[in-house]
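Remarks on the structure that follows.
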């Protein structure tokens, strides 16, 4: 779930300002798509319930844990966690807000490929003056062996449309955010009251190959022909999406597969990019919750394995 600086929406730019601040996480290669509540109404993943109370609106939450590794580079793996708690007024549909912000995982249907859609057309702006990211007090993310207190980040005062705070890990270290384990997120204080949320992280992707070539050994890729991709099977309820993208974003394609299939094919003609770029596979696992004053929430894990490649004819 890579979010490029050339994004088209205010919230997308806001979170990138936070993540690219040189004072605490300079050089982080991607920005987690981590605000609001669910995977987005345009994607094949079922979103959380965005219904709003007719009088008071509703409160939504998203906690996301991401890990990424470039398999054919000398860079070490990186990780990040983020929590956002947002209150939307009755006249604002949270799914529309998500599309406007560009924070949904815009995935095609399983077995299909498509260019990511970042359009915010048709979403009314006027009610957003009342959208608020809530102070949840102390937010701590724990596993059986690790504990990380998330840092509070005030949203930049770029516009009056959005206000409040979000929560992030303080750096890009992977040790506090392991795979294949149980997580608990706890809040204490703040306007939402104290509550705990539990979720189970999947294993990292493994045994990833493109054709007969392991991901770590890729150098060039003839992406205009059909590409057969395989990985060690995961859970049936999870998804794996593959993204092909050129270095400067001139071409990008995503394809979605069931994780337990262990393989998928990107058809010839699905991607037209040439030159330097990247192929990445993401294992996505999500769990819904309601807790405290949160009407609809989600914990989402996005674990990525990628390779730098040159796309050729």
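Where a number appears in this text, it was derived from the coordinates with a stated rule and is not lab data. Since this is a predicted model, take the numbers as computed values, not measurements. All Cβ positions, glycine included, derive from the backbone under ideal geometry; neighbour counts span all protein chains shown.
Tabulated data
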read-out	value
FRET efficiency estimate (nearest 0.05) - Cβ-Cβ, residue 72 to residue 198, R0 30 angstrom	0.25
Span from the the range 163-230 Cα centroid across to the the range 68-89 one, whole angstrom	7 Å
Label-point separation in nm, residue 237 to residue 114, each point 7 Å along Cα→Cβ	2.5 nm
Separation of the residue 207 and residue 181 label points, Cα + 7 Å toward Cβ, nm	2.5 nm
10 °C / 1.306 mPa s Stokes-Einstein diffusion coefficient of the range 194-313, Kirkwood radius on C-alpha pairs, µm²/s	103 µm²/s
Estimated FRET transfer efficiency when R0 is 30 angstrom, pair residue 151-residue 310 (beta carbons, to 0.05)	0.20
